[in-house]
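Have a look at the structure below, then the notes.
The values are calculated or read from the model by the stated rules, or taken from the named source; none is laboratory data. Owing to the predicted nature of the structure, the values given are computational and were not obtained by experimental measurement. No Cβ is skipped: glycine too gets one built from the backbone with ideal geometry, and neighbour counts run over all protein chains shown.
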């Protein structure tokens, strides 16, 4: 290596260091600005409260309106949902003893919520799912055996269940409306397209409005 090349290397090294230090020095005279973790907006509003109704956050299950049709368990492509339900004549229907969702495996695809006839299983705006172990990320929704929900022909009259079912049906309504827009059809053809896309599965139901 000649003297000229050696001096050029020293010059390039000095300029490179100067460029980096210039960026560092520019921050010394700026007012500090910290971007906070997104759980609060400047107005004090929770970020979760600003997200769309169909945002795919953590999964939630409203057991009060779960029919134990197992459609969500079958729809899950990675088997992160496990449901145990047996028919109990004395109880008058299916009794669920287990409804677990492994959120560590969930890929938030939303396929489990699509065939649900009541909107019982749905995504929430909650995006914070960090925990200390994989075992603790298995959400166990059934604490004690629970009788599966049976839709009433005349509409739900229970004042406690009615608002939960209304939310579930609104979740389904948003889903169906969006899909009709995607397939670009309506009426009976739209219903056929949706039924073909989702299929109810054993014990499930396709709700089209």
Residues of the range 58-81 satisfying the condition of being touching a helix residue (DSSP H, G or I) at 6+ places or on another chain (Cβ under 7 Å) and crowded, with 21+ Cβ neighbours inside 10 Å: 65, 81
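In the range 84-115, which residues are touching a residue at least 60 places away in the same chain (Cβ under 8 Å), touching a strand residue (DSSP E or B) at 6+ places or on another chain (Cβ under 9 Å) and over 10 Å from residue 148 (Cα atoms)? Give the derivation first.
Just the residues of the range 84-115 that are touching a residue at least 60 places away in the same chain (Cβ under 8 Å), to begin with: 85, 113-115.
Restricting the remaining residues to those that are touching a strand residue (DSSP E or B) at 6+ places or on another chain (Cβ under 9 Å) gives 85, 113.
Once the filter is applied, which keeps residues that are touching a residue at least 60 places away in the same chain (Cβ under 8 Å), touching a strand residue (DSSP E or B) at 6+ places or on another chain (Cβ under 9 Å) and over 10 Å from residue 148 (Cα atoms), the range 84-115 yields only 113.
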Answer residue from the range 32-57, given it is more than 23 Å from residue 114 (Cα to Cα) and touching a helix residue (DSSP H, G or I) at 6+ places or on another chain (Cβ under 8 Å) and is modelled with the lowest pLDDT among those: 39
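So that you can scan it fast, the table gives a plain yes or no per residue for (1) out of contact with any strand residue (DSSP E or B) (no Cβ under 9 Å at 6 or more places or on another chain); (2) over 24 Å from residue 80 (Cα atoms); (3) at pLDDT 85 or above; (4) buried (at least 16 other Cβ atoms within 10 Å of the Cβ):
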position	(1), (2), (3), (4)
137	no, no, yes, yes
146	no, no, yes, yes
149	no, no, yes, yes
152	yes, yes, yes, no
158	yes, yes, yes, no
173	yes, yes, yes, no
178	yes, yes, no, no
182	yes, yes, no, no
186	yes, yes, no, no
